[in-house]
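K.L.:
Sharing a structure, written as structure tokens. Questions coming.
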Amino acid sequence: MPKTLVYKILENHLVSGDLVCGETIGIRIDQTLTQDATGTTAFLLFESMGLGRVKTELSVSYIDHNMSQFGPENHNDHLYLQTVATRAGAWHSRAGNGICHQVHLERFGKPASTLLGSDSHTPTGGGIGMLAIGAGGMDVAVAMGGGAFYLTCPKVIGVKLTGKLRPWVASKDVILKLLSILTTKGNVGCVVEYFGNGVASLSVPQRATITNMGAELGVTTSIFPSDNRTKTFLAAQKRGDCYQSLSADQGAKYDRVIEMDLSKIEPMAACPSSPDNIATVSELAGTEIAQIVVGSCTNSSYADLMMVAKTLKGRHIDPMIEFAVAPGSRQVLNMMAKNGALADIIASGARVLESGCGPCIGQGFSPADGVVTLRTFNRNFPSRTGTVGDQTYLVSPETAVASAIMGHITDPTTLKEVMGIKYPTIELPSSFLVDDSMIEQPLSAEDAPKAKVLRGPTIVVPKAPTALPEKLTGKVLLKCGDKITTDHIMPAGVFLKLRSNVPQYAKVVFNCFSEEGKPTFAEQALKLKAEGLAGMIVAGQSYGQGSSREHAALCPMYLGVRAVIAKTIERIHKANLINFAIVPIEFEDPADYDRIGTDDDLEIENLLQAVKNAETVNVANKTTGIDFTGKLKLSQRDRDILLSAGLLNYTREKNKTSTK
Ligand code: MIC
Ligand code: SF4
């Protein structure tokens, strides 16, 4: 039977289960990546699990998120990660070397391999034909230790690309268009696979923009074939030996096919405050703006920034706009410094930020109150910029630079007509500047024991969850609506530096819902915990959208949350809840959501037994007297993890039995 590209890679990596859509399967992981905001926990858990040395083909620890260094926390994390990672046998990319996804694509990605990363934008690697999946840090720690990664054998959505993008239209517009079709909800358990003769017109970095922002669809990953464009890119990175051609078989069947003619796509934007709130840029043209940033793992490649530099050459940014550029990697920055493009950017009045996540995760460059900010990023969740009530539009670098020159939102396809500016076609260089001197090599097994791991006082080992009770008695701490993101649950911005210190970070769980003069979520939860009662969260559709941050489960667990009852729960977050022994429950009848309120007392009589072997649980609402049924959509492994009180205990127990 003709196979899709996804199923070919899955088949080659299958270690448990059958390749039947909807079944749980385990796959071998060839490569892992961690970044600093999730990596400290991942490595602390890796150490706690007693997993020894890294057993993958390649594992890389990156520093890219927490680099503002107000206070000692960030640098403590950097030193811990550098010493712990290299000692464990992983590579370590130092602060300033670039954003994990961009650097991984440039220096490590390998077609037909599997990559598991503790960051939801790990699917960026799909641009080079990898099966690259985002997961919680604990799942990545297990994979670093040689364990399989478990996932639902996916449905494959085929996106057939034809034609070629017009000048000033970018691959960002392709993914924004797809988000307008598929939205951010309802795609759990799917993978997006691109095919068709339009694929060849896109370079690897253009493809990577699409697979990167595919994360916003809520799919497991997105992938492009590996072809001549991939070969050329790898050769230019002096890694031609990693190339392998890979495509779907002729006549491969997709669960759904979406056709997109690239030549018909027009510049698009995601309006405040969701990546699927899509409009065309022409509809928004003329909107006043105060700030623009080009950067993030979605759009800060060499080609993106060269296009910006060439368009800005000899021109000036509108004086009412703050314009910043954050290069995706040191390679990009260095090449532009050498070829003079950086000077053109500086001369235009732009601010040059360092290579890292920066404003994308609220590390500086927050916009003023009430103004519009245009960003080439992938997420515009409320307050993610660090400004409450922010108005963030997500656009392509082409739209960003056109708007910077014109002083308001501008459809870049009109630039030629209005300003006589021609589209600067950018060819990828035949050879990128390769300098891996900021990537530390793993220590050998012989040298590792002699090396010291540096643990600053702000790095606190997270506590493992306690066992689930036979009967769960508790209270609804919070009832929230649809599309609650992990940014709502666990804010980043100024709190990001607390990632290595759960007791401190837990204080701001759900702080976006705090009301002045009232106890915070954390205070209420800890009070309930002290009374011996469990905290519960009730939510609508698509709970836990967005990032892979396991703190969105770890911190609520620390506060005593034991169950999340929602209409639907997103893939990575559901796995994180299970890993931290919080039971994910879905309403059998979504209308029951309306019959439950904050502060209601809930009881699940036989929780433990149900987790062992039942498909549903009866939830008794002691406040209203109305019982309802909750679904337990769990694999056998999920059940075992919950019964072991989380993945840390589960892995320790497994290690004990395997070494007996
Ligand atoms: C994000 O883009 O939201 C992040 C910050 O990169 C997260 C990871 C994190 O919260 O540390 C992600 O995408 O998983
Ligand atoms: Fe960093 Fe933003 Fe990419 Fe997340 S989405 S990895 S914060 S650049």
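K.L.:
If VAL20 satisfies all but one of (1) within 16 Å of ligand 1 (Cβ to nearest atom); (2) out of contact with any Gly (no Cβ under 9 Å at 6 or more places or on another chain); (3) β-branched (Val, Ile, Thr), what's the number of the condition it fails?
P.N.:
With (1) within 16 Å of ligand 1 (Cβ to nearest atom); (2) out of contact with any Gly (no Cβ under 9 Å at 6 or more places or on another chain); (3) β-branched (Val, Ile, Thr) applied to VAL20, the lone miss is (1).
K.L.:
Within the group SER355, SER366, which residue is surrounded by fewer than 24 Cβ atoms within 10 Å (Cβ to Cβ), within 16 Å of ligand 1 (Cβ to nearest atom), polar (S, T, N, Q) and closer than 16 Å to VAL293 by Cα?
P.N.:
SER366
K.L.:
Given the range 534-639, what strands (runs of 3 or more DSSP E) lie entirely inside it while holding 2 or more residues that are of a type outside the set (A, V, I, L, M), in contact with a helix residue (DSSP H, G or I) (Cβ under 9 Å, 6 or more places away or on another chain) and more than 16 Å from ligand 2 (Cβ to nearest atom)?
P.N.:
Hits in the range 534-639: 583-587, 616-621, 627-631.
K.L.:
Looking only at the range 55-83, how many residues end up being surrounded by fewer than 24 Cβ atoms within 10 Å (Cβ to Cβ), hydrophobic (A, V, I, L, M, F, W, C) and touching a helix residue (DSSP H, G or I) at 6+ places or on another chain (Cβ under 8 Å)?
P.N.:
Of the residues in that region, 2 qualify.
K.L.:
Counting only residues that are within 14 Å of ligand 1 (Cβ to nearest atom) and either within 20 Å of MET335 (Cα to Cα) or among the hydroxyl-bearing types (Ser, Thr, Tyr) (or both), how many does the range 104-120 have?
P.N.:
3
K.L.:
Quickly run through the range 604-660 and pick out the residues that are hydroxyl-bearing (Ser, Thr, Tyr) and over 26 Å from THR152 (Cβ atoms).
P.N.:
THR623, THR624, THR657, THR659
K.L.:
Show the residue pairs that are 6+ apart or on different chains and have beta-carbon atoms under 7 Å apart, the first residue being within the range 358-382 and among the aliphatic types (A, V, I, L, M), the second being within 14 Å of ligand 2 (Cβ to nearest atom) and in a loop (DSSP other than H, G, I, E, B).
P.N.:
ILE361/HIS65; ILE361/ALA492
K.L.:
Let me ask you something else. How do the pairs read when you match residues in the range 310-336 that are over 13 Å from VAL401 (Cβ atoms) and touching a residue at least 60 places away in the same chain (Cβ under 8 Å) with residues anywhere that are of a type outside the set (A, V, I, L, M, F, W, C) and assigned to a strand (DSSP E or B), using Cβ under 6 Å and keeping only pairs 6 or more apart or on different chains?
P.N.:
Pairs that qualify, where the first residue is over 13 Å from VAL401 (Cβ atoms) and touching a residue at least 60 places away in the same chain (Cβ under 8 Å) and the partner is of a type outside the set (A, V, I, L, M, F, W, C) and assigned to a strand (DSSP E or B), are GLY328/GLY98; SER329/GLY98; ARG330/GLY98.
K.L.:
For ALA132, are the conditions met, namely being of a type outside the set (D, E, K, R) and either in a helix (DSSP H, G or I) or farther than 17 Å from THR56 by Cα (or both)? Before you say what the answer is, go through the steps one by one.
P.N.:
Working: of a type outside the set (D, E, K, R): yes; either in a helix (DSSP H, G or I) or farther than 17 Å from THR56 by Cα (or both): no.
Spelling it out, it is not the case that ALA132 is of a type outside the set (D, E, K, R) and either in a helix (DSSP H, G or I) or farther than 17 Å from THR56 by Cα (or both).
K.L.:
Among the residues of the range 515-533, write down those that are assigned to a loop (DSSP other than H, G, I, E, B) and either within 14 Å of ligand 1 (Cβ to nearest atom) or out of contact with any helix residue (DSSP H, G or I) (no Cβ under 7 Å at 6 or more places or on another chain) (or both).
P.N.:
GLU515, GLU516, GLY517, LYS518, PRO519, GLU531, GLY532, LEU533
K.L.:
Does VAL188 count as without any contact (Cβ under 8 Å) to a residue 60 or more places away in the chain and within 22 Å of the chain's Cα centre (by Cα)? Can you show your working first?
P.N.:
Values: without any contact (Cβ under 8 Å) to a residue 60 or more places away in the chain: no; within 22 Å of the chain's Cα centre (by Cα): yes.
The answer is no for VAL188.
K.L.:
I would also like to ask the following. Considering only residues that are part of a helix (DSSP H, G or I) and hydrophobic (A, V, I, L, M, F, W, C), look in the range 298-319 and name the one that is surrounded by the most Cβ atoms within 10 Å (Cβ to Cβ).
P.N.:
The qualifying residue surrounded by the most Cβ atoms within 10 Å (Cβ to Cβ) is VAL308.
K.L.:
Within the bounds of the range 88-95, is there any residue that is of a type outside the set (Asp, Glu), within 16 Å of ligand 2 (Cβ to nearest atom), touching a strand residue (DSSP E or B) at 6+ places or on another chain (Cβ under 8 Å) and without any contact (Cβ under 8 Å) to a residue 40 or more places away in the chain?
P.N.:
no
K.L.:
Of all residues in the range 392-419, which are surrounded by fewer than 20 Cβ atoms within 10 Å (Cβ to Cβ) and at pLDDT 95 or above?
P.N.:
Result: GLY407, HIS408, THR413, THR414.
K.L.:
Exactly one of these conditions fails for PRO111: (1) in a helix (DSSP H, G or I); (2) under 22 Å from GLN244 (Cα atoms). Give me its number.
P.N.:
All conditions pass for PRO111, except number (1).
K.L.:
Going residue by residue through the range 88-96, is there one that turns out to be at pLDDT 95 or above, in a strand (DSSP E or B), on the phi < 0 side of the Ramachandran plot and surrounded by fewer than 21 Cβ atoms within 10 Å (Cβ to Cβ)?
P.N.:
Checking the range 88-96: at least one residue is at pLDDT 95 or above, in a strand (DSSP E or B), on the phi < 0 side of the Ramachandran plot and surrounded by fewer than 21 Cβ atoms within 10 Å (Cβ to Cβ).
K.L.:
Can you find even one residue in the range 435-450 that is assigned to a helix (DSSP H, G or I) and within 16 Å of ligand 2 (Cβ to nearest atom)?
P.N.:
Checked against the condition, which is being assigned to a helix (DSSP H, G or I) and within 16 Å of ligand 2 (Cβ to nearest atom), the range 435-450 yields no hits at all.
K.L.:
Moving on. Would you pick out the residues in the range 250-295 that are in a loop (DSSP other than H, G, I, E, B), acidic (Asp, Glu) and more than 16 Å from LYS172 (Cβ to Cβ)?
P.N.:
Scanning the range 250-295 gives a single hit, ASP255.
K.L.:
Going by what's in this entry, would ALA506 be described as touching a Lys or Arg at 6+ places or on another chain (Cβ under 6 Å) and part of a helix (DSSP H, G or I)?
P.N.:
no
K.L.:
GLN206 - would you say it is surrounded by fewer than 16 Cβ atoms within 10 Å (Cβ to Cβ), touching a residue at least 12 places away in the same chain (Cβ under 8 Å) and of a type outside the set (A, V, I, L, M)?
P.N.:
no
K.L.:
Scan the range 488-501 and tell me whether some residue there is part of a helix (DSSP H, G or I), in contact (Cβ under 8 Å) with a residue 12 or more places away in the chain and either closer than 30 Å to ASP592 by Cβ or more than 16 Å from ligand 1 (Cβ to nearest atom) (or both). Working first, answer last.
P.N.:
We begin by selecting, within the range 488-501, every residue part of a helix (DSSP H, G or I); these are 488-489, 493-498.
Okay, now just the ones that are also in contact (Cβ under 8 Å) with a residue 12 or more places away in the chain, so 488-489, 493-498.
Imposing the further condition that a residue be either closer than 30 Å to ASP592 by Cβ or more than 16 Å from ligand 1 (Cβ to nearest atom) (or both) reduces the set to 488-489.
Yes, there is a match, as at least one residue in the range 488-501 is part of a helix (DSSP H, G or I), in contact (Cβ under 8 Å) with a residue 12 or more places away in the chain and either closer than 30 Å to ASP592 by Cβ or more than 16 Å from ligand 1 (Cβ to nearest atom) (or both).
K.L.:
Now, a different point. For ILE346, are the conditions met, namely being among the hydrophobic types (A, V, I, L, M, F, W, C), assigned to a helix (DSSP H, G or I), surrounded by fewer than 19 Cβ atoms within 10 Å (Cβ to Cβ) and at negative phi?
P.N.:
So ILE346 fits the description; yes.
K.L.:
Within the range 54-65, which residues are within 16 Å of ligand 2 (Cβ to nearest atom) and either in contact with a His (Cβ under 8 Å, 6 or more places away or on another chain) or outside any loop (DSSP other than H, G, I, E, B) (or both)? Break it down into steps so the answer makes sense when it comes.
P.N.:
As a first pass, look at the range 54-65 and keep what is within 16 Å of ligand 2 (Cβ to nearest atom): 60-65.
VAL60, SER61, TYR62, ILE63 - these are the residues of the range 54-65 that are within 16 Å of ligand 2 (Cβ to nearest atom) and either in contact with a His (Cβ under 8 Å, 6 or more places away or on another chain) or outside any loop (DSSP other than H, G, I, E, B) (or both).
The values are calculated or read from the model by the stated rules, or taken from the named source; none is laboratory data. Please read all numbers here as calculations on a predicted model, not as lab measurements. Cβ sites come from the backbone with ideal geometry, for glycine too, and all protein chains shown count toward neighbours.
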